[in-house]
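Q: Attaching a single structure in structure tokens format; questions to follow.
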Amino acid sequence: MKILVVGSGGREHAIIKKLKESRHKPEIYSSPGGGGGKKDSAAFDVKATDVEKMVKLAKDEKIDLVCVTPDDPLVLGMVDELDKAGIRAFGPSKNAARIEGSKSFAKELMKNNNIPTASFEVFSDFDKAIDYIKRENKFPVVIKADGLALGKGVVIPENFEDARKALEEIMLDKKFGKSGNTVVIEEFLQGPEISVLCFTDGKTIKPMVSSMDHKRAEDNDKGLNTGGMGTIAPNPFYTKELERECFQNIFIPTVKAMSEMGNPFKGVLYFGLMSTSSGVKVIEYNCRFGDPEAQVCLPLLEGDLVDIMNSCIDGTLDECPVSIKPGASSCVILASGGYPVKYEKGKLIEGLDEAERMEGINIFHAGTKLEDGKFYTDGGRVLGVGAVGENLSDSLDKAYRAVEKISFDKMFFRHDIGLKALKED
């Protein structure tokens, strides 16, 4: 069996590692691959967003299964085009991927199906958006670019002037291009954040372990928003009672609504949740594995990922075993100095072999380049240092001990990943 993983980050590397554990012993290919893809698969140089060339690559290499993981190619309809070419593809269709590709689509879906979320309004006119914020006069407020924005299209202004500036950058200056033509303005919610990634075939839902992301660049949740500086699993705030609430009020209604609209969602549906004083509410949907959530969820996944992916495609997920291993998992992101704004590339990474030899450690390559047998930095988030342990404390201790072995010029990381979870636990 030949499997092609589309993408090049830490999430894709985590998927490649998990696929290699399959009883099917597949040959793994990746494109564009990145450092992790080149290390653990046969890598090609087709861009993840080049739908036509990716379909051609899958045909030429006689690929049996394509796993489309990043949001961009899913929203562009890569799965649809692969289907037309007779190639099995894991991931939602273009219409189903709108659940992430358009914030306004997702919010209307929730509103029309009584799925709990923050109150909101949608605007395509800058002056009307300004008038609304002035009239409501509630801060902080959440402003979201409607389309994809590399995980950075959400701003939380504390006052009117900051809100005006954010709207100008998004809607007038086109900071996120066409993604900012429309904005969603939401009420600000408070409470612990919870991420739950679920496999679904459009009917059945089988969740992976819950997780907790750390978005801010600096310790104590200071600094700019990032794509994620670390994760832990399971999330101690996600109790059995909350799980029942989520299934009844969020998971089942979402999947049912998508199917009833004629857009059955097949693949991984990511629920970004917040546990508020008035119940669990949806902050956002993603149409794929989270990053770096995949790096902690997949090591704790009990089940053959190849079989799970095939069952999602075939509509037989109800017959496929999916469960969670005991223990805990964590991932600490090592980033380039200056991230998430401006940073340098091409720094030699040292200590990888020593760190990987440590018990229970998984190194996920997020932004690296392999040249002459050596790895160099090639992105803002460079590596994810993952560890599985008996409990969260054990997992984090292992991860941070492995972090100490790795170095590159201007490397930085958060020292408090999982601290809130440890206190709750």
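The values are calculated or read from the model by the stated rules, or taken from the named source; none is laboratory data. Please read these numbers as outputs of a predicted model, since none were measured by experiment. FYI the Cβ positions are ideal-geometry reconstructions off the backbone, even for glycines, and counts take in every protein chain you see. For accessibility, only protein heavy atoms count, side chains too; no ligands or nucleic acids. Shrake-Rupley method; radii C 1.70, N 1.55, O 1.52, S 1.80 Å.
Q: With contacts defined as alpha carbon pairs under 8 Å and 6 or more residues apart, what's the relative contact order of the chain in percent?
A: Relative contact order comes out at 16 percent.
Q: Let me ask another. With the full set of protein chains in place, find how many percent of the accessible area of the stretch 1-102 is carbon and sulfur; take the probe as 1.4 Å.
A: 45 percent
Q: Probe of 1.4 angstrom, ligands and nucleic acids ignored: what's the accessible area per residue over the stretch 1-137, in square angstrom?
A: 44 Å²
Q: Cα-Cα over 25 Å: which of 240/398; 111/203; 62/256?
A: Cα-Cα > 25 Å for 240/398; 62/256; rest within.
Q: Now for a different question. Sort 79, 341, 388 by heavy-atom solvent-accessible area, probe 1.4 angstrom, most to least.
A: Accessible-area ranking of 79, 341, 388, largest first: 341, 388, 79.
Q: List residues of the stretch 187-219, by number, whose backbone nitrogen lies under 18 Å from a label position 7 Å along Cα→C-beta of residue 324.
A: Output list for this probe position: 192-200, 205-214.
Q: While we're on this one: Looking at [x] -0.39, -0.50, -0.88, -1.22; [y] -0.31, -0.41, -0.82, -1.40; [z] -0.41, -0.53, -0.99, -1.50, which value of log10 I(q)/I(0) by the Debye sum over Cα atoms at q = 0.07, 0.08, 0.11, 0.14 Å⁻¹ comes from a calculation on the structure shown?
A: The listed entry that was calculated here is [y].
Q: Further, regarding this structure: Just subtract the alpha-carbon distance of residue 259 and residue 164 from 0.36 nm times their residue separation and send over the number in nm, one decimal.
A: Answer, rounded to one decimal: 30.4 nm.
Q: Let me ask something else about it. Roughly what would the spin-label model give for residue 216 and residue 2, points 7 Å off Cα along C-beta, in nm?
A: 4.8 nm
Q: So, taking all protein chains as they sit and a 1.4 Å probe, how much accessible area belongs to residue 401, in Å² rounded to tens?
A: 100 Å²
Q: Here's a follow-up. What size of dipole, in debye to the nearest 20, comes out for the chain about its Cα centre when the only charges are +1 on Lys and Arg C-beta atoms and -1 on Asp and Glu C-beta atoms?
A: My answer is approximately 460 debye.
Q: What is the percent carbon and sulfur in the accessible area of the stretch 348-425, measuring with a 1.4 Å probe over the protein chains and ignoring ligands?
A: That share works out to 42 percent.
Q: Quickly work out the residue 397-to-residue 239 label distance, labels modelled 7 Å from Cα along the C-beta direction, and quote it in nm with one decimal.
A: My value for the distance between the label points is 2.8 nm.
Q: Also, I was wondering about something else. Using 7 Å Cα-to-Cβ label points, what is the residue 20/residue 113 separation (nm, one decimal)?
A: A separation of 3.7 nm, rounded to one decimal place.
Q: On to the next question. On a 23 Å Cα-Cα criterion, which of the cross-link pairs 325/369; 215/342; 20/410; 103/178 come out too long?
A: Long pairs (Cα-Cα over 23 Å): 325/369; 20/410.
Q: About its Cα centre, how strong a charge dipole does the stretch 330-393 have in debye, to the nearest 20, once Lys and Arg get +1 and Asp and Glu get -1 at the Cβ?
A: It works out to roughly 380 debye.
Q: Pick from 316, 231, 254: which residue has the top mean-square fluctuation in a GNM of the chain where Cα pairs under 10 Å get a spring?
A: 316
Q: R0 = 41 Å: FRET efficiency of residue 156 with residue 372, Cβ-based, nearest 0.05?
A: After rounding to 0.05, the efficiency reads 0.40.
Q: For the cross-link pairs 17/107; 144/174; 138/165, which exceed 24 Å when the distance is taken from alpha carbon to alpha carbon?
A: The pairs that break the limit, which is 24 Å between Cα atoms, are 17/107.
Q: On to the next question. Given the Cα-Cα distance of residue 137 and residue 62 and 0.36 nm per residue of separation, how much length would full extension add, in nm?
A: Extending this stretch completely gives an extra 21.2 nm.
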